[in-house]
Amino acid sequence: MSAILDPDELLTRLAQLIKRVIDYRIFGIALLDEETQSLDLKVTIRFGDDPRAVTPVKLGDGLVGYAALHKEVVLVPDVTKDPRYIDAVPGVRSELVVPLLLKDRCIGVFDLESPEVNAFNKKHVKLLTLLASEAAVAIENARLVESIKANEARFEKELRFAQRVQMALLPQELPKRLRGVDVAWHFDPARELGGDLCDFLSPEPNTLVVALGDVSGKGVPAALYSAAIGEMVRGRTFRRRLEKTNSTPASVLAGMNRILHERNLEEYYCTLCYAMFEFKKKSATFANSGLPFPVKFSNGKATQIELPGIPLGSFGSSQYDDVTVPLEVGDIFVLCSDGIFEAFDEESHEFGAQRVIDVIERTHTQPAKEIVSALFSAVQTFCGDAEQSDDRTVVVVKINSLGPQISQKSTIVS
């Protein structure tokens, strides 16, 4: 019995097994519905047939309800002489009801009926009681497995929808059709959902804001937290249009840090690099809160822009620095989450910043999309069969011209 995990199959099998040892004419297995406090007859065998769907019996009603309520065997040699009997099946004269007990809880009953008086005896009671104790465990296991399968199916459906939502929240095209700049990105979560986020915004004409963040943790909580932080990035970026004094990347991070710290989610924090490209000024300003230092390629050489910073939400009074670098045609800026720099191979060696720099210098003549692809390919080759332990995200911004940054069409490749 314990090997059968389908509830319907198990109950039918029980009826067949009992028929081998007890000559019943009518047999039923009723399971207790905790919510309605009624016994639902799941299997009813009458003279070898298997009709289902019999009216439920309230707990305490009739011989069946009495046995379940009081958790005791009911043996009635002649039902016509027992006031508890409910005349539901014509021709029944004797009945044996055995509760299915799981520790001190009744989950249902075996119900045997016969048109003969004194059809059941103490030997049948002993035999059926032993079988009922084993059956109760098997039935409960089968019901638990069925419940787990239903929950897994529901979770899988919700997870697939959450993946669609997460991907929909990621950027699809450049704001305001900016031209002269080639942008590409790719996001590879370690699990079904990830905690990395990125966005591309244009709070003012000829300005591009690139934000890349990494939330602590993985899975659903991290994805939910990163979605909230993504909305915060957008909100505080577009506030520039309303403020008399334009905010800088460092002030944006400081404001976000205060808000996140006030939320009292000590177990969660976010590392975020915020970059503002101002094409008329031919400059880019960066602020960072713990993400790996961004890489700038210029004049044939790639180097990291040193930008230390405390993760957002850790301390309410944290302040951040702005670092401004000049923009020239041909410059490439690469932002990566921890999952790239801290990717490990099977011998626990780290991919590291130098390998990122090497890939950029080797592929700097290629479009941004190809640079992103080359970085991911290099990481995958380096890691081999080692398990991916963190989300991986790469953003590449390549400056192709520094004229007016408006055109009719430009898309971001992910």
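Taken together, the values in this text are just the output of simple stated rules run on the coordinates, not laboratory data. For clarity, every value in this text was computed on a predicted model and none was experimentally measured. Glycine gets a Cβ as well: all are built from the backbone with ideal geometry, and neighbour counts include every protein chain shown.
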- Task: Return a whole-number percent for the relative contact order of the chain, with Cα pairs under 8 Å and 6 or more residues apart as the contact set.
- Result: 15 percent
- Query: Which listed residue (TYR274, SER377, LEU307) has the Cα farthest towards the positive end of the charge dipole for the range 173-399, taking +1 on Lys and Arg C-beta and -1 on Asp and Glu C-beta about the Cα centre?
  - Reply: TYR274
- Query: Relative contact order for the range 7-149 using alpha-carbon pairs under 8 Å, separation at least 6, rounded to a whole percent?
  - Reply: 22 percent
- Query: In degrees, nearest 10, range 0 to 90: what is the angle between the Cα axis of helix 368-383 and the longest Cα principal axis of the chain?
  - Reply: 60 degrees
- Message: List residues of the range 100-121, by number, whose backbone nitrogen lies under 17 Å from a label position 7 Å along Cα→C-beta of THR36.
- Response: 107-109
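Once R0 is set to 25 Å, what does the formula 1/(1 + (r/R0)^6) return for the Cβ-Cβ distance between ARG13 and ALA88, expressed as a FRET efficiency to the nearest 0.05?
Step by step, r from the Cβ atoms, then E = 0.50.
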- Query: How high is the relative contact order of the range 173-399, in percent, with contacts defined as C-alpha pairs under 8 Å that are six or more residues apart?
  - Reply: 25 percent
- Message: Nearest 10 degrees is fine. How inclined is helix 249-262 to the longest principal axis of the chain, computing both from alpha carbons?
- Response: 30 degrees
- the chain, dipole about Cα centre (Lys/Arg Cβ +1, Asp/Glu Cβ -1), debye to the nearest 20: 1200 debye
- Task: Mind checking which of THR129, ILE399, ALA190 is farthest towards the positive end of the chain's charge dipole, using Cβ charges of +1 (Lys, Arg) and -1 (Asp, Glu) about the Cα centre?
- Result: ILE399
- Query: Taking only the alpha-carbon atoms of the range 7-149, what semi-axes of the equivalent ellipsoid follow from 5 times the gyration tensor eigenvalues under a square root, in whole Å, largest first?
  - Reply: 22, 16, 15
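With n ≥ 4 as the cut-off for DSSP H runs, can you work out [θ] at 222 nm for the chain, using -39500 (n - 2.57) per run divided by the number of residues, rounded to the nearest 500?
Value at 222 nm, helices only, nearest 500: -11000 deg cm²/dmol.
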- Message: Along the charge dipole of the range 178-287, pointing to its positive end and built from +1/-1 on Cβ of Lys, Arg, Asp and Glu, which listed residue (HIS261, THR237, LEU224) has its Cα farthest out?
- Response: THR237
- Task: Go through LYS19/LYS123; LYS296/LYS369; LYS103/LYS149 and tell me which ones have a Cα-Cα distance over 20 Å in this structure.
- Result: LYS103/LYS149
- Query: What residues have an amide H closer than 5 Å to that of GLU192, excluding those fewer than 5 places away on the same chain, when H is modeled at 1.01 Å from N in the peptide plane?
  - Reply: none
- State to the nearest 20 debye the size of the charge dipole of the range 229-324 about its Cα centre, where the only charges are +1 on K and R beta carbons and -1 on D and E beta carbons. 620 debye
- Would you mind counting up the charge near ASP390? Only other residues with Cβ under 11 Å from its Cβ, with Lys and Arg at +1 and Asp and Glu at -1. -4
- Item | aspartates and glutamates with Cα under 17 Å of LYS122, excluding same-chain neighbours fewer than 8 positions away | ASP23, GLU72, ASP78, GLU95, ASP111, GLU113
- lysines whose Cα lies under 18 Å from that of LYS280, excluding same-chain neighbours fewer than 8 positions away: LYS176, LYS398
- Once you've got the GNM for the chain with C-alpha springs shorter than 10 Å, pick whichever of THR365, THR55, THR237 has the biggest mean-square fluctuation. THR55
- Counting Lys and Arg as +1 and Asp and Glu as -1 over every other residue whose Cβ sits under 13 Å from the Cβ of SER283, the net charge comes to 0
- Cα gyration tensor, the range 85-129 - rounded (a/c under 1.5), prolate or oblate: oblate
- Relative to the longest principal Cα axis of the chain, at what angle does helix 122-169 sit, 0 to 90 degrees, rounded to 10? 20 degrees
- Taking N as the number of residues in the range 173-399, what is its Cα Rg relative to 2.2 N^0.38 Å? 0.97
- Bin by bin, in steps of 10 Å, what percent of the Cα pairs in the chain do you find, going until the bin that has the longest distance? 4, 18, 21, 11, 6, 9, 12, 11, 6, 2, 0
- Point-charge dipole on Cβ atoms (K/R +1, D/E -1) for the range 125-229, about Cα centre, debye to 20: 280 debye
- Given the Cα-Cα distance of PHE376 and SER133 and 0.36 nm per residue of separation, how much length would full extension add, in nm? 81.7 nm
- In range of the label at ASP322: residues from the range 254-286 whose backbone nitrogen is under 15 Å from the point 7 Å along Cα→Cβ: 254-255, 274-286
